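Structure first, then comments.
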Amino acid sequence: MTLDFSAVFLLIGELAVLAVLVVLVVALILLALTLLSIRSGRLYFPNLLRPGLTALEGVMRALFKAVGLEDQEMLAFFVTLGNTMNAQAFAEVPVDERAIFLPQCLRNARCPADLTPEGLRCKRCGRCTVGEAIRVLETLGYRVFIVPGSSFIKRMVKKYRPRALIGVGCLAEVKEGLEMAERLGLVGMGVVSLKDGCVETLVDWNTLYDVALLGLPPSSVPEDLHLPADE
Ligand code: SF4
């Protein structure tokens, strides 16, 4: 029996075209859902959007660019999507199994914090709001770190084995952090800073507290807890 190579090549070619068409159709559906979600401020089919956007990220970036969607808008959408999908699971993790990672750029430029194996150790000197925020978050039961470098989070996750984390940072950092948390099997929530840069960046502490309080019974929040950002 002789193998008909031309028929085999034809079949491979047809399958390849079919695969490209399927990817294109799925990508167009994801594009429509993303645009609809962004415009309406409501997530449509998040269970389809998240795996789809992750699996086809390269194609989707090209399509978003083609329709004029800025990279920043896309990143913000990724973060909102991740937070929305993880909120329930995050709320179910006890606070003593959660950790918060703050970027070092939130500190005052003249911060006297010491660099330790557990990250930068805030001295609560009052030059910035980080010290008071850490006090509040630790009172709630969180383990809070100021991140000095890129491999630090993985190291602390390995050491303390939290089941959930909140990452604060610029859009790109938060998106990467959420993806890393997912790879490590953790529930990740992201809070995007208000101002990018390398020094004295800003975060809306109330947004962080809103996330941090998810799932905490009111009885576990000390009555005299003083939230500095409410001032
Ligand atoms: S409060 Fe903490 S983080 Fe802020 S400048 Fe002082 S030591 Fe640094």
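The values are calculated or read from the model by the stated rules, or taken from the named source; none is laboratory data. Just so it is clear, the model here is predicted, and its values are computed rather than measured. Backbone-built Cβ (ideal geometry, glycine too); neighbour counts: all protein chains shown. These area figures cover heavy atoms from the full protein model, side chains too; ligands, DNA and RNA do not enter into them. Shrake-Rupley method; radii C 1.70, N 1.55, O 1.52, S 1.80 Å.
Answer yes if at least one residue in segment 131-149 is among the β-branched types (Val, Ile, Thr), within 16 Å of the ligand (Cβ to nearest atom) and within 30 Å of residue 52 (Cα to Cα), and no otherwise.
The answer is no; no qualifying residue exists.
Yes or no: segment 96-110 includes at least one residue that is hydrophobic (A, V, I, L, M, F, W, C), within 11 Å of the ligand (Cβ to nearest atom), assigned to a loop (DSSP other than H, G, I, E, B) and free of Cβ contacts under 8 Å to residues at least 40 places away in the same chain. Talk me through it step by step, then tell me what you get.
We begin by selecting, within segment 96-110, every residue hydrophobic (A, V, I, L, M, F, W, C); these are 99-102, 105-106, 109.
Subset that is within 11 Å of the ligand (Cβ to nearest atom): 102, 105-106, 109.
With the extra rule that they be assigned to a loop (DSSP other than H, G, I, E, B), the set shrinks to 109.
From what's left, free of Cβ contacts under 8 Å to residues at least 40 places away in the same chain: none.
Scanning segment 96-110 turns up no residue that is hydrophobic (A, V, I, L, M, F, W, C), within 11 Å of the ligand (Cβ to nearest atom), assigned to a loop (DSSP other than H, G, I, E, B) and free of Cβ contacts under 8 Å to residues at least 40 places away in the same chain.
Being modelled with pLDDT of 85 or more, under 22 Å from residue 180 (Cα atoms) and either over 20 Å from the mean Cα position of the chain (by Cα) or not in a helix (DSSP H, G or I) (or both) narrows it down to one of 23, 17, 59, so name that one. I'd like the intermediate steps shown before the answer.
On the way: 23 fails: under 22 Å from residue 180 (Cα atoms); 17 fails: under 22 Å from residue 180 (Cα atoms).
Checking each option against the conditions leaves just 59.
Considering only residues that are within 19 Å of the chain's Cα centre (by Cα) and either on the phi > 0 side of the Ramachandran plot or open to solvent by less than 40 Å² (accessible area, probe 1.4 Å) (or both), which ones fall in segment 138-152? Can you show your working first?
First, pick out the residues of segment 138-152 that are within 19 Å of the chain's Cα centre (by Cα): 142-152.
142, 144, 145, 146, 147, 149, 152, listed by residue number.
Would you please list the contacts, defined by Cβ atoms under 7 Å and residues six or more apart or on different chains, that run from a residue in segment 120-145 that is assigned by TED's automatic domain parsing to the domain that holds residue 162 and in a loop (DSSP other than H, G, I, E, B) to a residue that is within 8 Å of the ligand (Cβ to nearest atom) and open to solvent by 60 Å² or more (accessible area, probe 1.4 Å)?
Listed pairs, sorted by first residue: 127/110.
Quick one: in segment 26-50, of everything that is under 20 Å from the mean Cα position of the chain (by Cα) and exposed (fewer than 11 other Cβ atoms within 10 Å of the Cβ), which residue is farthest from residue 87 (Cα to Cα)?
Looking at residues that are under 20 Å from the mean Cα position of the chain (by Cα) and exposed (fewer than 11 other Cβ atoms within 10 Å of the Cβ), I get 41.
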